[in-house]
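Presented below is the structure to which this report refers.
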Amino acid sequence: MASPSSSSSSERLLKKESLGWMEWLRGWFNVIYEMLFQRIMASHLQNPMPLPPINDITCIITGSTSGIGLEIARQLAESGAHVVMAVRNPKAADELIRKWRDEGSGMGLPLNIEVMELDLLSLESVVRFAKAWNARSGPLHVLINNAGIFSIGEPQRFSKDGYEEHMQVNHLAPALLSILLLPSLIRGSPSRIINVNSIMHYVGFVDTEDMNVVSGKRKYTSLVGYSSSKLAQVMFSSVLHKRLPAEAGISVVCVSPGIVHTNVARDLPKIVQAAYHLIPYFIFTAQEGSRSALFAASDPQVPEYCEMLKGDEWPVCAFISQDCRPTNPSEEAHNVETSYKVWEKTLEMIGLDGDAVERLIEGEEIKCRYGG
């Protein structure tokens, strides 16, 4: 016969498992709700989003040769920003720039765009990119971590660094890039780190002892890989937001672009691709999906909002919804204990010491296992 204490423990375990299912179902409700009503919620926004003149800012945008990233890069450049397209395929980026200039983008104004190579499937490439940029000793005002993958229906794959590809491209590599570029972001203060996240983080769960999803405790699917990586990004961003002192002048923001028709659709099952084309009203274009990131990059009240959250000791970083309004990330994202575990595990995986952020803020050099 079970003792009262063991019976109580079983009840707590069942309750915890039940709560997990409730959170998961609530997450899917949010995803479906956003798909059905995102266009209504964002009906007050103009498309394309009007931007103020931003001639004096420098922006690095990852994954800017297609989809949302392409629109972000083009619109920021047309508004006068110095745009750095950080991409895996520099030739494709060069061709885009030539096309924009031939079409007279920027209403006759010269576009201040350059291309730098960056492969997020290689942490060594991230270190190389950051070293090259920091060596310029110039300011960086906005880092937009836009690049991401969602290999729907594909088998599990690992980078040459040994990490599950969704986790590396969507979380680990952007985390490493953000930290290594802190010296340039401090020079550009007030500056911003903007992570293009996803509503799908609402159905994510991060096991810090099994970031690669190889233990067998969870069955791997591309949805598990993607949603977990996006939740990890929010959690890591929340801790980074807390650890950056006010005097550093760096805001950390996650944004949801909404449900967007991008190149991800190429990997969808044929029946889902057909649905994308049958219900275009519910799906944002890439231009519409770029609005939340552009808002986070240019709105003058964003730094004030981030500082208010920090002053109130709010457990999560600023999160901007697809309709360019502050919102809350998932309930699981508010789990402070797990967020700090994600922070520590991420630093370990990307080859940085636990005090890397503090040392960079103090102007010290740091070492990374992947170079530098």
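In percent, rounded to a whole number, the relative contact order of segment 309-370 is 19, using alpha-carbon pairs under 8 Å and six or more apart.
Across the chain, the relative contact order, built from alpha-carbon pairs under 8 Å that are at least six residues apart, equals 19 percent. Sorting 284-297, 244-257, 214-227, 43-56 by average packing, meaning the other beta carbons within 10 Å per residue, from highest down gives 284-297, 244-257, 214-227, 43-56.
Sparse packing (at most 12 other Cβ atoms within 10 Å of the Cβ) combined with a DSSP loop state is found for the following GluC sites (Glu not before Pro) in segment 298-345: E313. Applying the Karplus relation 6.51 cos²θ - 1.76 cosθ + 1.60 with θ = phi - 60° to segment 147-160 yields 3J(HN,Hα) values of 4, x, 10, 9, 7, 4, x, 8, x, 5, 10, 10, 6, 5 Hz, where x marks Gly and Pro.
Rounded to the nearest 500, what is the 222 nm mean residue ellipticity of the chain from helices alone, with -39500 (n - 2.57) per DSSP H run of 4+ residues and division by all residues? Could you put the intermediate results ahead of the total?
Details: 13 runs with 162 residues, N = 372.
That calculation yields -13500 deg cm²/dmol at 222 nm.
Just to confirm a number: summing +1 for Lys and Arg and -1 for Asp and Glu over residues other than V213 whose beta-carbon lies under 9 angstrom from that of V213, what do you get?
Working: positive: K217, R218, K219; negative: E164, D207, D210.
Taking every Cβ under 9 Å from that of V213, the sum is 0.
Could you give the semi-axes, largest first, of the ellipsoid that matches segment 23-361, computed as the square roots of 5 times the alpha carbon gyration tensor eigenvalues and rounded to whole Å? Numbers along the way, then the final one.
Details: eigenvalues 141, 123, 84 Å².
Semi-axes (√(5λ), whole Å): 27, 25, 21.
Each Lys or Arg adds one and each Asp or Glu takes one away; over the other residues whose Cβ falls under 14 Å from the Cβ of L347, this sums to +1.
Across segment 79-92, coupling constants 3J(HN,Hα) worked out from phi with the 6.51/-1.76/1.60 Karplus curve, θ = phi - 60°, read 8, x, 6, 7, 9, 10, 8, 9, 9, 7, 10, x, 4, 4 Hz, and Gly and Pro carry x. If R0 is taken as 51 Å, the Cβ-Cβ distance between L36 and D207 corresponds to a FRET efficiency of 0.95. Helix 336-349 versus the longest principal axis of the chain: what angle, 0 to 90°, nearest 10, using Cα atoms? Orientation of helix 336-349: about 60 degrees from the principal axis. Modelled this way, with points 7 Å down the Cα-to-C-beta line, the labels at R359 and A246 are 2.8 nm from one another. Note that segment 288-303 has calculated 3J(HN,Hα) couplings of 5, x, 7, 5, 5, 5, 5, 4, 5, 7, 10, 5, x, 8, 4, x Hz, one per residue in order, obtained from phi through the Karplus relation 6.51 cos²θ - 1.76 cosθ + 1.60 (θ = phi - 60°); glycine and proline are x.
Quick note: the coordinates plus some simple rules give every number you see, no bench work behind them. None of the values given here were measured: they were computed from a predicted structure. Quick reminder, even Gly has a Cβ in these numbers, built from the backbone with ideal geometry, and neighbours come from all protein chains shown.
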